[in-house]
Amino acid sequence: MARSIYFHSLGCRLNQAEVEGIARRFAAAGWTVVRDPVQADLCVVNTCAVTAQAERKTRHLLNALHRANPTARIAAIGCLATLEPQRLSAVDGVAWVVPNGEKDRVGEIVTGQEVPAPSFATAPLLRTRAFVKVQDGCDNRCTYCVVWRLRGPARSRPLEEVVAEVQTLTQAGCQEAVLTGVNLGGYGRDLGLEGGLRRLVETILARTDLPRLRLSSLEPWDVSAPFFDLWAEPRLCRQIHLPLQSGCDATLRRMGRRITVERYARLVEAARAAIPGLALTTDVIVGFPGEDEAAHEESLAFIRRMGFARLHVFPFSPRPGTPAARMTGQVPLPVRRERARQMGVLGARLAQSFQQRFVGQEMMVLWERRQSGGLWRGLTDNYIRVVTRSTGDLSNSLVPTRLVSARESVLVGEVAW
Ligand code: SF4
């Protein structure tokens, strides 16, 4: 009787949250969740279709899983399973292709019987930092994006359900929960929930003892200056991920983004004024159709001015059926790659100067796991990666740590105990 199962999530935090939810179901139903696919009878892969590169990664992973364990049956679920079901079902080892609309039934589809959601009281804790899905779908129409088509209209989970899940994760020892969705900033709009995301955050902080709450990506047009007052509560992590996508207004208009660079800059100013030590992180697309050298330089200059703590850079990837894929002025791939390289260099420099500011300070670090070589890896609330050596067991502990030096993309810490 097949009883061991392996999970892998590609792409966004929402995919990660969904996989954690499904894994908790199987674990509560008596299955063994294994970290090595070689030991698995079943593998579940939450796929991604946001870029052509994400598609390639998905296919590569499915082939690698089948080579590593030819007897395991694979379920390919999620966005690429929604976009390209036929092509995925032709991949060796793939026994099930489950689109987004059917994801909640993946247990039943692969086992032939219902795998009920565990009562929150029994849900096992699978990670130090738990991703919690609070919303799905999107009503925006950015011209380069397929996500809204693959995940459908915006819809929110009931507030009480989310609070109950966070309470259970906290009781199970979770130190940090990350609220995630496709369009988190629109949380509650479809429920007519007054205050929306603000109300959800306030309720979680008021009704649970969760040590750290983090928000994932927020569209800039969904937040305004008063929203940042929430950070008066120190349990709310000082990281805001605010996708910019381009630092050039003409490009933003062609992207269908409902923001201008000056409005974005004012929002950033308000956030920084309200939240000392804030890590502002973002996404940027380079080489969007119609982006000439001047527009690219304008984007670089604006991003330099914003001084982001972390930059996720995406060379434009034409997605099937999107307006951007049909636009004139497509930028040649080598140019897109070169612009991504330039933006990446800038991003690395900005990230280093951001984390350098905290050397010498003592901060609370959530230590997650020991890597090979005995180094522990942890994270501050403002998204700085920290490493340390310790003979003690630091796993899943929030500990005051002196940040003594910088090393490439991490800071070195000394645990103050
Ligand atoms: S906000 Fe724009 S980029 Fe994000 S999921 Fe919606 S349509 Fe796509």
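The values are calculated or read from the model by the stated rules, or taken from the named source; none is laboratory data. Computed from a predicted model, the values in this text were never measured in an experiment. As a convention, Cβ positions derive from the backbone with ideal geometry for all residues, glycine included, and neighbour counts pool all protein chains shown. Accessible surface areas use protein heavy atoms only, side chains included; no ligands, DNA or RNA. Shrake-Rupley method; radii C 1.70, N 1.55, O 1.52, S 1.80 Å.
Observations on the structure shown:
- For segment 137-223, a/c is not less than 1.5, where a ≥ b ≥ c are the root eigenvalues of the C-alpha gyration tensor, and a/b tops b/c. That puts it in the prolate class.
- Each of GLU160 and VAL404 was given a label point 7 Å from its Cα along the Cα-to-Cβ line. The distance between the two points is 5.2 nm.
- Rounded percent of accessible protein surface that carbon and sulfur make up, the chain, 1.4 Å probe: 52 percent
- Total charge dipole magnitude, segment 264-417, about the Cα centre, Cβ charges on Lys, Arg, Asp, Glu only, Debye to nearest 20: 240 debye
- The chain, accessible area per residue, ligands and nucleic acids excluded (1.4 Å, Å²): 43 Å²
- Relative contact order, percent, the chain [alpha-carbon distance under 8 Å, six or more residues apart]: 10 percent
- At a Cβ-Cβ separation cutoff of 4.7 angstrom, cysteine residues of the chain with no neighbouring cysteine are CYS12, CYS43, CYS48, CYS79, CYS138, CYS174, CYS237, CYS248.
- Sites ALA301 and ALA325, calculated FRET efficiency, Cβ-Cβ separation with R0 25 Å, nearest 0.05: 0.35
- Centre separation in Å (Cα based) which lies between segment 136-169 and segment 348-381: 30 Å
- Between the residues ALA295, LEU333, ASN183, the greatest Cα displacement towards the positive end of the dipole of segment 129-356, with unit charges on the Cβ of Lys, Arg, Asp and Glu, is found for LEU333.
- Inter-part distance, segment 50-106 to segment 232-291, computed on C-alpha centroids, equals 33 Å.
- Signed unit charges on C-beta, dipole axis of segment 22-155, positive-most listed residue THR32, GLY112, LEU80: LEU80
- Theoretical gain in end-to-end length, ARG141 to ILE109 [0.36 nm per residue, Cα-Cα removed]: 8.3 nm
- Rotationally averaged projected area of segment 248-358 (alpha carbon convex hull; nm²): 7.1 nm²
- Cα centre as origin, Lys/Arg/Asp/Glu Cβ charges: the chain dipole, Debye: 760 debye
- Computed over the chain, the per-residue total of -39500 (n - 2.57) for DSSP H runs of n ≥ 4 gives a 222 nm mean residue ellipticity of -10500 deg cm²/dmol, rounded to 500.
- Estimated Rh, the chain: Kirkwood, alpha-carbon pairs, angstrom: 22.6 Å
- Cβ-placed point charges (K, R +1; D, E -1), dipole of segment 129-356 about Cα centre in debye, nearest 20: 460 debye
- Segment 4-111 - percent relative contact order, Cα under 8 Å, separation 6 or more: 25 percent
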